[in-house]
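**Q** Got a structure for you, written out below as structure tokens; questions coming shortly.
Readers should treat all values here as calculations from the given coordinates under stated rules, not as data from a laboratory. Predicted model only: the values in this text are computed from it and were never measured. Cβ sites come from the backbone with ideal geometry, for glycine too, and all protein chains shown count toward neighbours.
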Amino acid sequence: MQNNQSSYNRWSWIVALILALILLLMLFTGHGPTNACCVAPVEAAAPVEQAIPVAEAFGFTATANDFTSKGDGTNLGWFSQSDGLKALLAGGDALQATGDDKGVVLTGTVDTDAIKQQKGADAQTFFGSAVAVDNQILVKATEPVAAIEPPPAAKLYFDTGKIALPGDASATLAPIVEWLKSHESAKAVLSGYHDPRGNQAVNEELAKNRAKSVRESLKANGIDEARIEMRKPESVDGGSDLAEARRVEVSVE
């Protein structure tokens, strides 16, 4: 009986030792019992996303009196020269430049197309070749220039049977002479008139000589003879006013 009890105790110790070894092995290999069975797992907190600030896009508006901008333009070479831009926009009606670091639009009104083109060229120089300049400046409509009419025909009245110029010839011819001098392509046309009564050959020769007297006066006033056309004398019935039949008319063509 005593031997049986000793054998039982021995096997008990052997089993206990084996179990202890198994537990140690599990602990060393990470498979042993932990407190995980008794504590609820803690969920990892979701990472908080931080908003990244977005830089405001650069833009500007300029006139002859003001310059405003948004965003950061300090990296632009022309940004610190806003006074020069305002000076560029002077000398017109509501001239304005708007844009950003890549493109600029010019608006407003100027007197001539030459001024518009100059403003565009000056703006391109100011902003540099990396900036596209859109020149939308308008040119004021010019008033149509009224056509200047040539002076009316000058009439010189001669005394009966005479070819000497009348006393008022210079004053009468003055508008014709002035026009011819200011219009080099124009020419003077001389037409002599005579009374249908009497000897026609004599009358025609008298009218022709009177026209020659007028021609000499024009030449004396600086009009080249090549610009003076003599036309055939014409017969005219002056009625009761015979002076109309003793005249030379000078017109311009």
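**Q** Report, to two decimal places, the Cα Rg of the chain normalised by 2.2 N^0.38 Å (N = number of residues).
**A** Relative to the 2.2 N^0.38 Å estimate, the chain comes out at 3.12.
**Q** Based on the mean of other Cβ atoms within 10 Å per residue, sort peptides 58-64, 195-201 so the most packed one is first. Working shown, then result.
**A** Numbers: 58-64: 17.1, 195-201: 11.7.
Top to bottom by mean Cβ count within 10 Å: 58-64, 195-201.
**Q** Report the local net charge at T68: Lys and Arg +1, Asp and Glu -1, summed over other residues whose C-beta lies under 15 Å from its C-beta.
**A** -3
**Q** Can you tally the net charge around I137? Count Lys and Arg as +1, Asp and Glu as -1, for every other residue whose Cβ sits under 9 Å from the Cβ of I137.
**A** Here the count lands on +2.
**Q** Let's test the formula: R0 of 45 Å, r as the Cβ-Cβ distance of V202 and T142. What FRET efficiency results, to the nearest 0.05?
**A** After rounding, the FRET efficiency stands at 0.20.
**Q** Grab every C-alpha pair in segment 123-230, bin the distances at 10 angstrom width from 0 up to the longest one, and report whole percents.
**A** Percent of Cα pairs in each bin: 12, 31, 19, 9, 7, 8, 7, 5, 2, 0.
**Q** Using only the Cα atoms of segment 59-139, each taken as one equal point scatterer with no solvent, compute I(q) by the Debye sum, divide by I(0), and report log10 of the ratio at q = 0.14 Å⁻¹.
**A** Calculated log10 I(q)/I(0) at the listed q: -0.39.
**Q** Moving on. Which order do peptides 107-120, 207-220 fall in by mean Cβ count within 10 Å, highest first? Numbers along the way, then the final one.
**A** Values: 107-120: 15.2, 207-220: 18.6.
Ranking, from highest mean packing down: 207-220, 107-120.
**Q** Connecting C-alpha atoms closer than 10 Å in a GNM of the chain, tell me which of L89, L25, L190 has the biggest fluctuation.
**A** Residue with maximal mean-square fluctuation among L89, L25, L190: L25.
**Q** Run the helix sum for the chain: -39,500 (n - 2.57) per DSSP H stretch of 4+ residues, divided by residue count, reported at 222 nm to the nearest 500 deg cm²/dmol.
**A** -11000 deg cm²/dmol
**Q** 7 Å from Cα along Cα→Cβ at both V54 and N221: what's the point-to-point distance in nm?
**A** 8.1 nm
**Q** To the nearest 20 Debye, how big is the dipole of the chain about its Cα centre, given +1 on the beta carbon of each Lys and Arg and -1 on that of each Asp and Glu?
**A** The dipole magnitude comes to about 520 debye.
**Q** State the antiparallel share, in %, of DSSP beta bridges confined to the chain, rounding to the nearest 5. Walk me through the intermediate numbers first.
**A** Details: 22 of 34 bridges.
Expressed as a percentage, antiparallel bridges in the chain total about 65.
**Q** Suppose each label sits 7 Å from its Cα in the direction of the beta carbon; what would the D134-E184 distance come out to in nanometres?
**A** The answer from the label model is 4.7 nm.
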